[in-house]
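Engineer: Below is the structure I would like to discuss, written out as structure tokens.
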Amino acid sequence: MKGITATLNFVMLIVIVVVSIAFVLLASNVTLEAASSNTEFRVVENIMKEIDNSLTEIEHEGLGSLRIVSFSEAKKFEVIPEEDSIQFKGITTTGTTIEYFSRIFKGNMIFIGGNDVKCSEKDGNADNITDIVLENSFITAVFQRVPKQAPASNIDTSYNIVQITEKKGSTVVVFENSSIVIDDNVSSYRGIGYSEIEKADNSLPVCTVHFYVNATAVAYDVFYRLYAGADFLTAEVRNR
């Protein structure tokens, strides 16, 4: 579509300061525990907001800018360089802060309830070829694996999504064409590049598959995400 380049540049700028929070929920009827978990939730949210604000200030000020964020709470934050994010995992009670298998987006922060996502490299469609596989309680998505190497491999986005299986009814959808076209440039669906899992693990709140495509006329990144409890994939394209 026309005008996509300007929009994608803006998205790419914002993603540099993405801050995310992931929460794993366990059911409990104890009022004291509910109050305690909600208090922790708010403390962590405020810390995340302070970190996010500091990153935004640094972004606007440019090279050489520095911020120190201090807090007294002994919280276990995890920095994930592959996703440009900071993550916190905690336990809260059902019906208090965020519902199980739900997602709340607040600016650069994402609140995710649940951790049923796993992602790995394996043969996902029984053709003896290694794929990238994302799976949660509801769907299994298989993507083509294009190694990151030098010289760069050829990549054709028509084959990005190999198949998706709906696990409850065992319905399998095989994709014939998942191509991506930038600014009506029909040649942009293929070039050289690679695909990768940003964080391969089990019991995750979200998993992301990243594709990099250099189509000569345009270079771009594609991010496919599977969230905890979701029966769908999200896709995001960013111009480089």
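Engineer: Using packing as a proxy for protection, rank 175-182, 208-215, 127-134 so that the peptide with the highest average count of other Cβ atoms within 10 Å comes first.
Structural biologist: Result, highest mean first: 208-215, 127-134, 175-182.
Engineer: Then there is this: For the stretch 157-176 and the stretch 191-240, compute the distance between their C-alpha centroids and round to whole Å.
Structural biologist: Taking the Cα centre of each part, the stretch 157-176 and the stretch 191-240 sit 16 Å apart.
Engineer: D183 to A126: FRET efficiency via 1/(1 + (r/R0)^6), r the Cβ-Cβ distance, R0 45 Å, to the nearest 0.05?
Structural biologist: Taking R0 as 45 Å, the efficiency between D183 and A126 is 0.75.
Engineer: Separate question: For the pair S102 and V174, what calculated FRET efficiency results from E = 1/(1 + (r/R0)^6), where r is the Cβ-Cβ distance and R0 = 30 Å, to the nearest 0.05?
Structural biologist: With R0 = 30 Å, the Cβ-Cβ based efficiency is 0.50.
Engineer: Highest first, please rank the peptides 219-228, 117-126 by the mean number of other Cβ atoms sitting within 10 Å of their residues.
Structural biologist: 219-228, 117-126
Engineer: Normalise the Cα radius of gyration of the stretch 39-176 by 2.2 N^0.38 Å (N = residues in it) and let me know the number.
Structural biologist: For the stretch 39-176, the normalised Cα radius of gyration comes out at 1.39.
Engineer: With Cβ to Cβ distances under 13 Å as the rule, what net charge do the other residues near F101 carry (K, R +1; D, E -1)?
Structural biologist: Its environment carries a net charge of -2.
Engineer: Going down the list K106/K168; K76/K122; K76/K118; K118/K199; K49/K199; K76/K148, which pairs span over 20 Å between their C-alpha atoms?
Structural biologist: Checking Cα-Cα distances, K106/K168; K76/K122; K76/K118; K49/K199; K76/K148 exceed 20 Å.
Engineer: Another question, then. Enumerate the amide H contacts of Y194 below 5 Å, restricted to partners 5 or more residues apart or on another chain; note that Pro and chain-start residues carry no placed amide H.
Structural biologist: Y212
Read the figures in this text as sums done on the coordinates, not as results from a lab. Since the structure is predicted, the reported quantities are computational estimates derived from the model, not experimental observations. With ideal geometry, Cβ positions are generated from the backbone for all residues, glycine too; neighbour counts draw on all protein chains shown.
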